[in-house]
Amino acid sequence: MRSEEYRYIVSKFNDKDLYTFSMKIKDLLSIYYVAARGLSTEQGAVQRILNKRRIDDIKNFILGGNLFVNTFIINWTDTTEEPKVKKDTLNIPLDGRRAQVLDGQHRISGLKEAVQLRSEIGEKYILVSMALQLTTPEAANIFLNINSEQKPVPKSLIYDLFGQAFDDKEHAINRATDIITFLNKDESSPYFQMIKYPGNQKNAGLIDLAIFVNAIKPHLNKDGVFNTYNLNEIETQKKIIKNFYTALKDTYKKFWDIKSENPFFKAAGFNGSFDFLCEVLIPKCIDEKSFSSEKMKELMKLDSDNLFLSNSMKNLDGKTARKNVKTYLNENFLKDIPQSDDEYEF
């Protein structure tokens with residue numbers, strides 16, 4: 001039976017020893033397995049069903065020359081032959097179905113597919129943290145600690161940190177999705193719990209996720225307004241978009257929560273308003289050095305007694321309706337512009 005000796009450090013989680021060491025990828029692949037909750041009845045079964053698209057993304061990430069800094073957490077379950085714990089080293093039997101994955105099942109599956117294409121990847125090292133013979137409640141405590149208490153970094157921010165923001169075609173989609181998630185989850189957002197995600201129940205949400213993504217993503221590209229004015233931080237982008245639609249909500253008041261009346265719950269209305277934000281309002285806010293909701297309301301000069309409602313788009317094609325929303329917002333914005341060149345000083 002093949003085995004390897006590993007130097008380790010030991011820590012404790014809820015009084016259980018957790019051994020952390022550096023291990024070759026091919027060796028982890030030789031002993032791991034996934035025990036999915038609801039499909040497996042054995043102790044420690046806490047994992048979710050694998051997502052093929054996520055595995056493909058991870059595989060491509062690895063094939064691009066990348067690996068992982070964070071550890072893979074496993075639970076040794078084999079009772080026929082256990083690791084021998086010595087003072088400074090672990091002797092671990094290799095080969096066979098021996099250790100459940102508690103954290104990293106998608107990363108491991110991505111590694112497995114990458115190794116099948118490039119065997120040399122299997123010789124590289126990763127960090128592994130291993131517990132011995134955890135029960136299902138003990139494994140669940142670790143799983144919940146990772147997946148509920150530790151908040152994941154927005155995917156688009158990871159692109160930023162890798163310096164790939166404007167070179168990767170996926171960046172704008174990821175960033176738009178991250179911003180929309182914020183709008184849907186922030187209790188002070190004008191779109192709080194109003195976004196319909198794929199797979200949600202039929203009546204969950206008022207406006208489809210795809211409508212938001214398609215409207216926002218063109219403006220997040222290299223040539224978009226946010227990059228043009230160095231408004232690249234996700235927190236800045238979230239505040240600008242939230243403040244703009246808060247200003248609209250404050251003006252629309254009683255109509256805002258009514259889907260049949262609110263034009264900004266429809267694709268054409270949201271697109272037209274976002275075009276206005278990016279093409280007209282953001283440059284003006286730059287000049288004013290303010291993106292506050294109050295400043296936006298002051299600049300837009302909307303009349304709550306003369307609002308553009310959804311019925312104004314009735315029987316119009318999407319392109320025309322989108323243009324009309326932008327025109328409505330722009331006409332109010334331009335109210336204070338002189339009507340002739342006689343009013344200018346030259």
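Past 20 Å, Cα to Cα, is the threshold; run Lys217/Lys319; Lys52/Lys196; Lys222/Lys297 against it and keep the listed order. Before the final figure, lay out the partial values.
Numbers: Lys217/Lys319 18 Å; Lys52/Lys196 23 Å; Lys222/Lys297 28 Å.
Distance filter (> 20 Å) returns Lys52/Lys196; Lys222/Lys297.
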Let me know the Kirkwood hydrodynamic radius for region 252-341, please, with Cα pairs as the basis and the value in Å to one decimal. 13.8 Å
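Estimate the FRET efficiency between Glu279 and Thr135 by the formula 1/(1 + (r/R0)^6), using the beta-carbon distance for r and 41 Å for R0, to the nearest 0.05.
On the way: r = 59 Å, r/R0 = 1.44.
Step by step, r from the Cβ atoms, then E = 0.10.
When averaged across all projection directions, what area in nm² does the alpha-carbon convex hull of region 61-104 cover? Write out the running numbers ahead of the final one.
Working: hull surface 18.4 nm².
Average of the hull's projected areas for region 61-104 equals 4.6 nm².
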Residues meeting the amide H criterion for Phe72 (H placed from the backbone, H to H distance under 5 Å, 5 or more places apart or on another chain) are Leu127, Val128, Ser129
Pairwise label distance in nanometres, Lys84 with Asp305, each label 7 Å out on the Cα-Cβ vector: 9.1 nm
Phi to ³J(HN,Hα) by Karplus 6.51 cos²θ - 1.76 cosθ + 1.60 over region 190-197, Hz, x for Gly, Pro: x, 10, 4, 6, 10, 9, 9, 9
Distance between region 83-122 and region 237-260 - C-alpha centres, whole angstrom: 50 Å
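Values quoted throughout were computed directly from the atomic coordinates according to the rules given, and no laboratory measurement underlies them. Worth saying up front: this structure is predicted, and the values here are computed from it rather than measured. No Cβ is skipped: glycine too gets one built from the backbone with ideal geometry, and neighbour counts run over all protein chains shown.
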